[in-house]
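Written below as structure tokens is the structure these notes are about.
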Amino acid sequence: MAAAGTPAAASEWEVGIDEPTRGQVPIPERKGWRKLAAYVGPGYLVCIAYIDPANFESDLQSGANFKYELLWVLLIASISALIIQSLAANLGVVTRKHLAEHCRIEYARPLNFVLWILAEVCIIASDIPEVIGTAFALNILFRLPVWIGVLLTGFSTLILLAIQQYGVRKLELVVALFVFIMAGCFFVELGYAKPDAGEVLKGLFVPRLNGHGATGIAISLLGAMVMPHNLFLHSAIVLTRKIPYSTNGIKDGCRYYIMESGFALFLAFLINIAVICVSASVCNNPHLSSVYKDDCGDLDLNRASFLLRNVLGKWSSVVFGVALLASGQSSTITGTFAGQYVMQGFLDLRLKPWIRNLLTRLVAIIPSLAVALISGSRGAGKLIIVSSMILAFQLPFALVPLLKFTSSSMKMGPHMNSLWLTVLTWLIGMGVITINMYFLITSFVKWLIHGHLAKAGRVVIGLLVFKAILAYLVTLCYLAFRTETKPTYIVPPNEGGKSPQPDSNGMVVPREDLSGLTFRTR
């Protein structure tokens, strides 16, 4: 093994040579549209996390309560998300290993186990809004009770996952179709809502935080944009491409991935803007009745459909239901794959996709079903907020390792982040972490002060929680300041390294061992 601190050829590299596999996506040598098209796909799987039901709920509340004033928050969050997601893609392209595998290689087993548990909790938490969002959509479209919709979500996703057997490109096509369905639905709604274009542009480029609760909604918009499971997903999904094993091949891969991810995330950005603008236009209409204004004061996914139906017409509610159904189903698919990568990376354990999906979905269905039966649709909507808080709590444990690994020459060699990019991404990372911590701590303090617990109970819970926060911060500091010790950068032959057995066309065979996307056939 090479000395610490210097890029070195990897000592181990498992590659299947000349194996017939499904799911490989060859990359043409000549630059052009065909080459870009070969890279297109992972960005759509990633962008789904930015237009899932949890995002829609934050968008609806933002537009209803503050009109177009918080669109600038969405713009900043989207730009930051593109930068962070590009780092995850670069990590996979350069090292041929995804984020969860890097954690297993680099960290001691106890810490690795904790990170795995947190990642699994995050995936379950991200699945809850998808379950509830799909149940709301079924309620809107077919008048099914929410609790029945919750039960049906498990079966519907398993059917969609069957598409996986036809290869990764078919799966990406289906998810991209869902994205365009959502875009079409909300753009149609936007056309009928007729928001003021001048106010929309002002909201995008003039930062404002006016009114009670604006800071909280802004934080929820930011917190809902960068999802921790998305970092694991993006670093792994890029490994399905058969990228030329050379310095230029690596650079081209990183360049094309940021272009295709940029387009997909831009489309997600437009969808979020459309949701906010529709909500703002409807709820701030001067002719809106007092009954509907009360609904706008505490708008959620289910109430939004009722509001749209009575203000814009019955068709509007149906369009919203279709978009919500597409969002819930596609988000579930990508969450399942993220779970497979997390389990494979941290534990080197692989499960069949339907088993993995069933396990995750059962854990998500149980609390969703219980809340839907006890508290109805309003309680289910509040469960989305709780799941968002869990995701905010877990984000730093995926983000900090990503920033560390992509800024390390030991991990990335000459493809490590430049100084300016390192500074920028750490500023973004620290900003996101600070915002999420502020949101979590203030929410807890507010609950503690205004809760109905006895004084002694508040003291005990307060001490326990703040001790947990201290342990949380200590662990993050360890991850942030710890020096990497395990080199993973593989030196290409044209840089003086030894080839990790490329195939006859000079390509490194993609990671066929990643459960859920491609399979070994021997």
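The values are calculated or read from the model by the stated rules, or taken from the named source; none is laboratory data. Please read these numbers as outputs of a predicted model, since none were measured by experiment. Note that we place each Cβ from the backbone using ideal geometry, even for glycine, and neighbour counts take in every protein chain shown. When the accessible area is computed, the model is the full protein with side chains, heavy atoms only, and any ligands, DNA or RNA have been set aside. Shrake-Rupley method; radii C 1.70, N 1.55, O 1.52, S 1.80 Å.
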> Once the Cα gyration tensor of the chain is diagonalised, what are the square roots of 5 times its eigenvalues, in whole Å and ordered largest first, as equivalent ellipsoid semi-axes?
Replying inline: 38, 26, 22
>> Go through the cysteines of the chain and tell me which have no other cysteine Cβ under 4.7 Å away.
In response: CYS47, CYS103, CYS122, CYS185, CYS254, CYS277, CYS477
> How far apart, in nm, are the 7 Å Cα→Cβ label points at SER443 and SER289?
Replying inline: 3.4 nm
> If you put +1 on each Lys and Arg Cβ and -1 on each Asp and Glu Cβ, how big is the dipole of the chain around its Cα centre, in Debye rounded to 20?
Replying inline: 240 debye
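Which longest run of the chain has no exposed loop site in it, a site being GluC sites (Glu not before Pro) in a DSSP loop with at most 12 other beta carbons within 10 Å, and the site itself not part of the run? The partial results should precede the final answer.
Numbers: sites that count: GLU12, GLU14, GLU29.
That would be 30-522.
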>> Give me, ordered by chain and number, the residues 5 or more places off VAL25 or on other chains with an amide H under 5 Å from its own placed amide H.
In response: LYS242
> Between the helical axis of 314-347 and the dominant principal axis of the chain, each derived from Cα atoms, what acute angle in degrees is found, rounded to the nearest 10?
Replying inline: 30 degrees
> How large is ³J(HN,Hα) for each residue in region 411-418, as worked out from phi by the Karplus curve 6.51 cos²θ - 1.76 cosθ + 1.60 (θ = phi - 60°), to whole Hz, x for Gly and Pro?
Replying inline: 8, 10, x, x, 8, 4, 4, 5
> Among 143-151, 423-431, how do they line up from the highest to the lowest mean number of other beta-carbon atoms within 10 Å?
Replying inline: 143-151, 423-431
> Under 11 Å from a point 7 Å along the Cα-to-Cβ line of TYR192: which residues of region 307-346 have their amide N that close?
Replying inline: 308-321
>> Given the -39500 (n - 2.57) contribution per DSSP H run of 4+ residues, what per-residue ellipticity at 222 nm results for the chain, rounded to the nearest 500 deg cm²/dmol?
In response: -24000 deg cm²/dmol
>> Can you tell me the orientation of helix 301-311 relative to the chain, as the angle in degrees between its alpha-carbon axis and the longest Cα principal axis, to the nearest 10?
In response: 50 degrees
>> In the chain, if the dipole is taken from +1 on Lys/Arg beta carbons and -1 on Asp/Glu beta carbons about the Cα centre, which of LEU391, PHE269, VAL174 is farthest to the positive end?
In response: LEU391
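Could you check how much of the accessible area of the chain is carbon and sulfur, as a whole percent, using a 1.4 Å probe?
Numbers: 14750 of 21730 Å².
Carbon and sulfur atoms account for 68 percent of the accessible area of the chain.
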> For region 277-334, what is the accessible area per residue in Å² when the probe is 1.4 Å?
Replying inline: 35 Å²
> Which whole-number percent gives the relative contact order of region 260-369, counting Cα pairs below 8 Å spaced six or more residues apart?
Replying inline: 12 percent
> Hey, what do the phi angles of region 175-190 turn into as Karplus ³J(HN,Hα) couplings, whole Hz, using 6.51/-1.76/1.60 and θ = phi - 60°, x for Gly and Pro?
Replying inline: 5, 4, 4, 4, 4, 5, 5, 4, 4, x, 4, 6, 5, 5, 4, 5
>> Give me the count of lysine pairs in region 371-488 whose alpha carbons sit under 17 angstrom apart, restricted to pairs 8 or more positions apart or on different chains.
In response: 4
> Where does helix 419-450 land angle-wise versus the long Cα axis of the chain, in degrees 0 to 90, nearest 10?
Replying inline: 40 degrees
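Hey, can you rank 439-448, 174-183, 38-47 by average C-beta count inside 10 Å, highest first?
Values: 439-448: 14.8, 174-183: 19.2, 38-47: 24.9.
Ranked by mean Cβ neighbours within 10 Å, highest first: 38-47, 174-183, 439-448.
At most 11 other Cβ atoms within 10 Å and a DSSP loop assignment: could you name the trypsin sites (Lys or Arg not before Pro) in region 19-124 that fit? Write out the running numbers ahead of the final one.
Details: sites: ARG22, ARG30, LYS31, ARG34, LYS35, LYS67, ARG96, LYS97, ARG104; in loops: ARG30, LYS31, LYS67, ARG96, LYS97.
Answer by residue number: ARG30, LYS31.
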> Can you work out ³J(HN,Hα) from phi for every residue in region 134-149, in order, using Karplus 6.51 cos²θ - 1.76 cosθ + 1.60 and θ = phi - 60°, giving whole Hz and x for Gly and Pro?
Replying inline: 5, 4, 4, 4, 5, 5, 5, 7, 10, 6, 6, x, 4, 5, 5, x
>> I need the Debye-formula profile for region 145-265: one equal scatterer per C-alpha, no solvent, reported as log10 I(q)/I(0) at q = 0.13 1/Å, two decimals.
In response: -0.94
